[in-house]
1. Among the numbered criteria (1) farther than 22 Å from B:MET346 by Cβ; (2) assigned to a helix (DSSP H, G or I); (3) more than 7 Å from chain A (Cβ to nearest Cβ), which single criterion is violated by B:GLY55?
2. Going residue by residue through the stretch B:74-81, is there one that turns out to be assigned to a helix (DSSP H, G or I) and in contact with a Leu (Cβ under 8 Å, 6 or more places away or on another chain)?
3. If a residue has to be acidic (Asp, Glu) and either touching a Lys or Arg at 6+ places or on another chain (Cβ under 8 Å) or touching a residue at least 12 places away in the same chain (Cβ under 8 Å) (or both) to count, how many in the stretch B:352-369 make the cut?
4. Can you find a residue that is in contact (Cβ under 8 Å) with a residue 60 or more places away in the chain, surrounded by fewer than 20 Cβ atoms within 10 Å (Cβ to Cβ) and either among the charged types (D, E, K, R) or more than 7 Å from every other protein chain (Cβ to nearest Cβ) (or both) anywhere in the stretch B:79-101?
5. I'd like to check which strands (runs of 3 or more DSSP E) are fully inside the stretch B:290-396 and have at least 1 residues that are surrounded by fewer than 23 Cβ atoms within 10 Å (Cβ to Cβ).
6. In the stretch B:318-330, which residues are under 13 Å from B:PRO356 (Cα atoms) and in contact (Cβ under 8 Å) with a residue 12 or more places away in the chain?
7. Looking only at residues that are over 14 Å from B:GLY125 (Cα atoms) and at pLDDT 90 or above in the stretch B:171-181, which one is surrounded by the most Cβ atoms within 10 Å (Cβ to Cβ)?
Amino acid sequence: MDGLLALYIFMLAAFTGYEIIAKVPVILHTPLMSGSNFVHGVVVVGAMLMLGSADTVLQQAIGFFAVALGAANAAGGYVVTERMLAMFKKKEGA
Amino acid sequence: MMSLPLYVQGAWFLGALLFIFGLKGMSSPASARKGIVLAGYGMLIAIAGTFLVPGLKNLALMVAALGLGGAAAWISGKKVKMTDMPQMVAIYNGMGGGAAAAIAAIEFAKGDAHSTVTTILAVLGALIGAVSFTGSCVAWAKLQGVLKKAIRLPAQNAVNVILALNAIGLGIAMVAFAPAKPELILFFFAISLILGLIVTLPIGGADMPVVISLFNAFTGLAVGFEGYVLGNPALIIAGIVVGAAGTLLTQLMAKAMNRPLSNILFTPMVASGPGEAISGSMKEVGPIDAAAMMRYASKVIIVPGYGMAVAHAQHKVWEMTSILEEAGVEVKFAIHPVAGRMPGHMNVLLAEAGVPYDKIFDLEEINGEFGQADVALIIGANDVVNPSARTDKASSIYGMPILNADQAQNVIVIKRGKGTGYSGVENALFYTDNCRMLYGDAQPMAGEIIQHLKAMG
């Protein structure tokens, strides 16, 4: 990818991340940490691409490891975040 | 990358878009649930799109790995107790870091020629990802109670610095001598993994949430850097957004604890003496009197701490709150930013018990109100209500923002014994004239208070 273009993406993404969290109330910090943990689970896509182009057994083994870890990050992150957020209720919820 | 079909790139684009909308949704309690579901769809779309990449090899292996990792994490995530949530987040996060490092490892193993910038980012991502991987595993082990003590090497800081310099030096060598020889790659990864282990081992349990948050930001950055190496904007965006958000969140947490990040990483909290001598004595109170004090109050502020969650008392406390409210008492919950094991963890635990979030207030919102409260009820909290943090410069928690429970007319403390809190500092609040101690486990004590309240009608 064009190096400079990627630099722009880096900059804008960093700013976006900063803005998103700056307005989050303290009560949501734990779910948000967990939610952002889920989002970087997208690393599984990168892991799939690597495994998908692996040629040697060693590369396949590391790739398998990477995909399994990435999938666990994504699946686990989703489940725990969703469970926590499902519990937040306003009045009359009890 | 450039030759990928539009539907693959479109799927990744849609994924990145949904991640950002999802995270945005998570910034308000009302839309938070929708936010995570939206981000979840983003993930499914991004993964489905990846399967459509032309010429993808090892498909069976890929499906097996996805199924294995996904199912194991899904099941464990469904089962985990809310009190154990912090270590679960830590371990999932470590896995993401490990995945990012593994991606870099394959890239190095292939030995394809890359531009210098690409190699630098691949090395950086590998280093950060590897540190996050082993560091998060240690964080998990500590919070889970597998590792009980903080292990501190002699000359810990010097060892940390030497290891870090070694890792960086090896990283520079990887860039300078690219494509690197297998021995160099192996050595680089070994040192990086050990670095994460050694840096995290001496950090105490109380500081662990900040560390988990820091590693969360690390993994985000690692994913972003590997995204650059792979030429995948979805990974870059998701990774960097999380990296930036996580960095800010880490700073917020460190600030709430009044522990600069450098302190947390390099000078573990030591149990200091009580600083100033504390005069007075602790005065006991029974559950009947405690119940009466609250029943005939007009305003009660409850300060829950992690001790309440450990005692599984939150349901009883909510039942007690409902009875008090029916009797016309105004009840509010005051949450310290670091109550629980992560910022916001206490809110999750109260939400689980059914406490509506509009009754829960954070430090800045409620601190002005303690003066008008008849009773401050402290359950399983200690350091976060210690007035020494305001007054005693010799105390190791001096300067930490605290809940001003001591300003209430009466203070009732439900506590198991006379011990000190996490910091090991004696609590001056317990010795003040308006403070009464109710010794016992939080759950049976709350149960007894409920009985007496009911008897009072």
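The values are calculated or read from the model by the stated rules, or taken from the named source; none is laboratory data. Keep in mind it's a predicted model, so treat the numbers as computed, not measured. Cβ: placed from backbone, ideal geometry, glycine included. Neighbour counts: every protein chain shown.
1. It fails just one condition, (2).
2. First, pick out the residues of the stretch B:74-81 that are assigned to a helix (DSSP H, G or I): B:74-79.
Adding the requirement that they be in contact with a Leu (Cβ under 8 Å, 6 or more places away or on another chain) leaves none.
Scanning the stretch B:74-81 turns up no residue that is assigned to a helix (DSSP H, G or I) and in contact with a Leu (Cβ under 8 Å, 6 or more places away or on another chain).
3. Our first condition is that a residue be acidic (Asp, Glu); within the stretch B:352-369, this holds for B:352, B:358, B:362, B:364-365, B:369.
Next, from what is left, pick out any that are either touching a Lys or Arg at 6+ places or on another chain (Cβ under 8 Å) or touching a residue at least 12 places away in the same chain (Cβ under 8 Å) (or both): B:352, B:358, B:362, B:369.
Number satisfying all stated conditions: 4.
4. Yes, the stretch B:79-101 contains at least one residue that is in contact (Cβ under 8 Å) with a residue 60 or more places away in the chain, surrounded by fewer than 20 Cβ atoms within 10 Å (Cβ to Cβ) and either among the charged types (D, E, K, R) or more than 7 Å from every other protein chain (Cβ to nearest Cβ) (or both).
5. On the way: elements: B:299-304, B:330-335, B:360-362, B:375-379.
Fully inside the stretch B:290-396 and qualifying: B:299-304, B:330-335, B:360-362.
6. Filtering the stretch B:318-330 for residues under 13 Å from B:PRO356 (Cα atoms) gives B:318-319, B:321-322.
If the condition is that a residue be under 13 Å from B:PRO356 (Cα atoms) and in contact (Cβ under 8 Å) with a residue 12 or more places away in the chain, then B:TRP318, B:GLU319, B:THR321 are the ones that fit.
7. Residues of the stretch B:171-181 over 14 Å from B:GLY125 (Cα atoms): B:173, B:176-181.
Add one more test, that the residue is at pLDDT 90 or above, and what stays is B:173, B:176.
Working: B:ALA173: 16, B:ALA176: 10.
Filtering first and then ranking leaves B:ALA173.
For every residue, the table says whether it meets (1) touching a residue at least 60 places away in the same chain (Cβ under 8 Å); (2) of a type outside the set (Gly, Ala, Ser); (3) touching a His at 6+ places or on another chain (Cβ under 8 Å).
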| position | (1), (2), (3) |
| --- | --- |
| B:LEU23 | yes, yes, no |
| B:ALA30 | no, no, no |
| B:GLY35 | no, no, no |
| B:ALA39 | no, no, no |
| B:LEU44 | no, yes, no |
| B:PHE51 | no, yes, no |
| B:LYS57 | no, yes, no |
| B:LEU61 | no, yes, no |
